[in-house]
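These notes concern the structure reproduced below.
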């Protein structure tokens, strides 16, 4: 039954794309395409331990990326915050054909960046970057949707204030105000595994 | 089989669909089928104007960005080198981008920490892509829950590369002159990682060369002063902007160390070899010499050359089982003359070679769980097998000292390396016919030592009887041909009223009147007979010459069961031979400018001369054929769009007229 649904979704997408065949057309059709994504993700998640958690602690693991090598397979990367492990799962034809696990820290997603910024803002005393925002913008920075944010994976050699990073999933934030100014965020990283801010101290 | 079909179907749904885009770039309908490389939805196959072609699989990897696989080349010279495509690379991608700032405060690994795909991929538009786009499907986390998004993420373009070759034989312009303009297939994508934006651009040219470029644009690292990126230290930066309250602020200089993973697949060889060339000084002060030494590298290694001539050291990957026509092993060499950041163990490496391993995808902080957190030094240390399936980790360094001019939006700064064929072909893969016999020692002299067979006196036919009738034996001599460079073998084919004389033997197999003699038959009475002589020699370009017509006296038979439905031509003359017009299927120009069009007119019966005409939008231009080739300046077309262009060759006494319609695409100014 599942296969049949998948096939029909495919036909729908082919038809839609073929009509919009102009050189620079965007062929986005998220509604139809999300059905096979759901099937691929469901298969990939079946390879995770039952306790696997996402960045918010919900069951199912955090989706980091899907690569489509073009040979009919999908390589799904998920992070399990419960065990702090990355799972790389290859799905082909709805089946899991390979699954590998290791402690590596791939690039964070927008979901994780927003979660990390939320943690960085949830403090009684604002961090310097939030204080700088208030100074420039005239209002306090209280929510991630007031800025644009991306996050980079942050690992260490196991020493210093952020010694757990690498073992834990830590990120460094890059935050820009609506005016396009980047705020200085080099003095801290966010440990998403523990939901805490780690102070790195002044740059020099 | 059923399983495979299902998987492919599911994938198509996830990928979105490759559009069959109009124009020059996209899966070619000619030749091999689209799925030969096993990536039907990611296939790029493009014929370049000189006749060369590239085909490969292209996609955007969520972390690596632009990734090419199964890269194969077909030369313009075709069968003179080899038929169809040969593999050059199995895979190519950016495996790390290390960005440390000179003040020691910050280091970014833009690939493994941030990634070039996913939500960092920038959508192409008419300003970023002058060619055609390919849809890229990825999972975005900007929606909750994550969803599939398809954007125009890859740009494919055909670009001019300038004068590809020029050779003037004489001391003046009066003699033979050979020139060719080059083109290339350009594949690019854009990614934004905070203030920096990068264009990944891979240019595959019509001579088999590959240029791998990384362009950095966006903005200089911003921030308050004094801060991380603007300090008051002149030693680690460059002052941007005016003095503020007596303070000078310096934008911090930084490295972009781009390390590429190049998985070689020279002619799909099971065993490939890495060769290193080093140079040392010899001779005397008055007569210095430079001596090269080749070393076959038998195991994985890291190269950080030192010494006086270290920068001359280079590497190539060869397949000893794949020989070009000269018996030389096919190879590609790495051309990389960029500086390296010697402050860090990974980036001080100029190049490392390992055996291909699927889990080794990144130069440092490897993300694949099969070899977690390893770097190229770990790969080399752990690789003890003989080096037969080489992957090169090529470090392309760029040290950026900001300039006032780099301020927003930053003028793109580039770092490149090249992969160039070395003995992949026996000659240049676009060598013109007239130079096709120049291979090794020997004189270049198109006038008295031409590479093309040249007839100077037409073939002659003599008869065994004074009156030609059925039963008369005709004998042909080949006439006179240039034989100063080589001698020729001659083949003969007899014609009746301009049509080859054919028959069928007792077994029903078609036959033809070949050989230097021909016995006149009853069916020849009242008709005109000629012989065409073709001069050939391996390694040279053949040519054909035709004798004068021999008329067989007598009434023309009225009922000719084998005759053509209509004979439009006077029997005293041979039927004009067919001609073929060749030109780029689509020519691109800019509105308000005059484009160029190269037209070739060919015929089996000789080299066409005279004029070719081009009609477009009621305008006409005329070009003169030189050696079968004409270069026309197109009329100015003011409006962007696509125009039909009709090329016509009016024919000559011996050659038939022909026509061809191609497109001209006029881009915005």
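Over region A:100-173, Cα pairs under 8 Å with separation of 6+ residues give a relative contact order of 38 percent.
Across peptide B:142-153, the average count of Cβ atoms from other chains found within 10 Å of a residue's Cβ is 6. In percent, rounded to a whole number, the relative contact order of region B:308-426 is 35, using alpha-carbon pairs under 8 Å and six or more apart. Of the peptides B:326-334, B:95-103, the order by per-residue mean of other Cβ atoms within 10 Å, starting with the highest, comes out as B:95-103, B:326-334.
Size of region B:334-483 from its Cα atoms: along the principal axes, largest to smallest, the extents are 93, 49, 31 Å. Neighbour counts of C-beta atoms inside 10 Å place B:546, A:135, B:169, A:58 in the sequence A:135, A:58, B:169, B:546, starting with the fewest. Put the Cα centre of region B:221-274 next to the Cα centre of region A:109-169 and the gap is 24 Å. Inter-chain Cβ neighbour count for B:114-123, averaged per residue, equals 4 (cutoff 10 Å, partner chain atoms only).
Alpha carbon centre of region A:39-63 versus region B:432-461: separation in Å? Comparing the Cα centres of region A:39-63 and region B:432-461, I get a distance of 72 Å.
Considering only alpha-carbon pairs that sit under 8 angstrom and 6 or more positions apart, the relative contact order computed for chain B is 9 percent. Cβ crowding within 10 Å, taken as a proxy for footprinting-reagent exposure, orders B:284, A:90 from fewest neighbours to most as B:284, A:90. The order of the peptides B:140-151, A:75-86 by mean Cβ neighbours within 10 Å, most packed first, is A:75-86, B:140-151. Using the rule -39500 (n - 2.57) for each DSSP H run of four or more residues, divided by the residues of chain B, the 222 nm mean residue ellipticity is -1000 deg cm²/dmol.
Alpha carbon centre of region B:608-669 versus region B:152-172: separation in Å? For region B:608-669 versus region B:152-172, the Cα centre distance is 21 Å.
Peptides B:651-658, B:221-228, B:152-159 ordered by packing proxy, namely the average of other Cβ atoms within 10 Å per residue, highest first: B:152-159, B:221-228, B:651-658. Across peptide A:103-115, the mean count of Cβ atoms from other chains lying within 10 Å of each residue's own Cβ comes to 6. Shown for A:150, B:342: other C-beta atoms within 10 Å of each C-beta, ranked fewest to most, produce the order B:342, A:150. Here the translational diffusion coefficient of region A:94-204 follows from Stokes-Einstein with Rh set to the Kirkwood radius across Cα pairs; for 25 °C and 0.890 mPa s it amounts to 165 µm²/s. Expressed to the nearest 5 percent, the antiparallel share of DSSP beta bridges inside chain B is 95 percent.
Here, each number is a calculation from the coordinates, and none is a lab measurement. A quick note: this is a predicted structure, and the numbers were derived from the prediction, not measured. Positions of Cβ are generated from backbone atoms using ideal geometry, with glycine treated the same way; all protein chains shown enter the neighbour counts.
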